[in-house]
Amino acid sequence: MQLTMLKSKIHQAMVTGVFPDYAGSLAVDSELIEEAGLLPHEKILVANLENGKRFETYVIPSAPGSREIGLNGAAAHKGNVGDRIIIISFVTMDAKEAESWTPKVVLIEGRNEIVQPTIA
């Protein structure tokens with residue numbers, strides 16, 4: 001049996017820009033991507049804590065240390081600058097592997113500063 005499990009999550013990231021004319025995706029500071037164990041172009045689910053909207057897109061890296069979280073293309077219509085979001089990725093694995101699986105969770109506050117490095 002295959003199960004879909006939480007792979008990683010960046011919790012309480014703050015949207016720093018909205019760019020509706022961009023081709024699409026969510027731009028994320030490459031340091032945050034690395035801390036969460038995400039890969040460029042990986043499919044993600046984004047949950048907006050301000051308006052309750054959820055949407056799927058993919059992550060693209062922005063400049064390291066920029067603390068950018070940018071809603072691009074159609075995603076730009078799902079939030080505003082200052083909104084808090086959760087960036088979520090999932091992984092599929094067999095049930096035996098899932099029993100000992102530990103996801104990566106990165107807690108963020110302020111202007112996208114890591115409060116607590118990866119936790120389970």
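The values are calculated or read from the model by the stated rules, or taken from the named source; none is laboratory data. Every value quoted in this text rests on a predicted model; they were computed, and no experiment measured them. Neighbour counts are summed over all protein chains in view; Cβ atoms, including those assigned to glycine, are modelled from backbone coordinates with ideal geometry.
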Item checked: Contacts under 6 angstrom Cβ, first residue in segment 13-26 being among the hydroxyl-bearing types (Ser, Thr, Tyr), partner part of a strand (DSSP E or B), 6 or more apart -> THR16/ILE69; TYR22/ASN72; SER25/THR57; SER25/TYR58; SER25/ILE60; SER25/ASN72
Next item on the list: Please give the number of the condition ARG111 fails out of (1) part of a loop (DSSP other than H, G, I, E, B); (2) modelled with pLDDT of 95 or more.
Entry: (2)
Note to self: Please go through (1) touching a residue at least 40 places away in the same chain (Cβ under 8 Å); (2) crowded, with 18+ Cβ neighbours inside 10 Å for SER62 and return the number of the only condition it doesn't satisfy.
What the structure shows: (1)
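Looking at segment 19-31, which of the residues that are part of a strand (DSSP E or B) and within 15 Å of the chain's Cα centre (by Cα) is surrounded by the fewest Cβ atoms within 10 Å (Cβ to Cβ)? Please lay out each step first, then the result.
Within segment 19-31, the first condition is being part of a strand (DSSP E or B), and the residues that meet it are 19, 25-29.
From the residues that got through so far, the ones that are within 15 Å of the chain's Cα centre (by Cα) too are 25-29.
Numbers: SER25: 20, LEU26: 26, ALA27: 22, VAL28: 25, ASP29: 23.
Per the stated criteria, the residue is SER25.
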Next item on the list: Return yes or no: is LEU71 assigned to a strand (DSSP E or B), in contact with a Lys or Arg (Cβ under 7 Å, 6 or more places away or on another chain) and under 29 Å from MET1 (Cα atoms)?
Entry: no
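Yes or no, residue by residue, for (1) under 17 Å from VAL106 (Cβ atoms); (2) modelled with pLDDT under 95; (3) crowded, with 17+ Cβ neighbours inside 10 Å:
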| site | (1), (2), (3) |
| --- | --- |
| LYS7 | yes, no, yes |
| GLY37 | yes, no, no |
| LEU49 | yes, no, no |
| THR57 | no, no, yes |
| LEU71 | no, no, yes |
| VAL81 | no, no, no |
Next item on the list: Give me a count of the residues in segment 8-18 that are farther than 11 Å from ILE87 by Cβ and assigned to a strand (DSSP E or B).
Entry: 3
Next item on the list: Check ASP94 against each of (1) acidic (Asp, Glu); (2) over 14 Å from the mean Cα position of the chain (by Cα); (3) under 19 Å from TYR22 (Cα atoms) and name the one condition it does not meet.
Entry: (3)
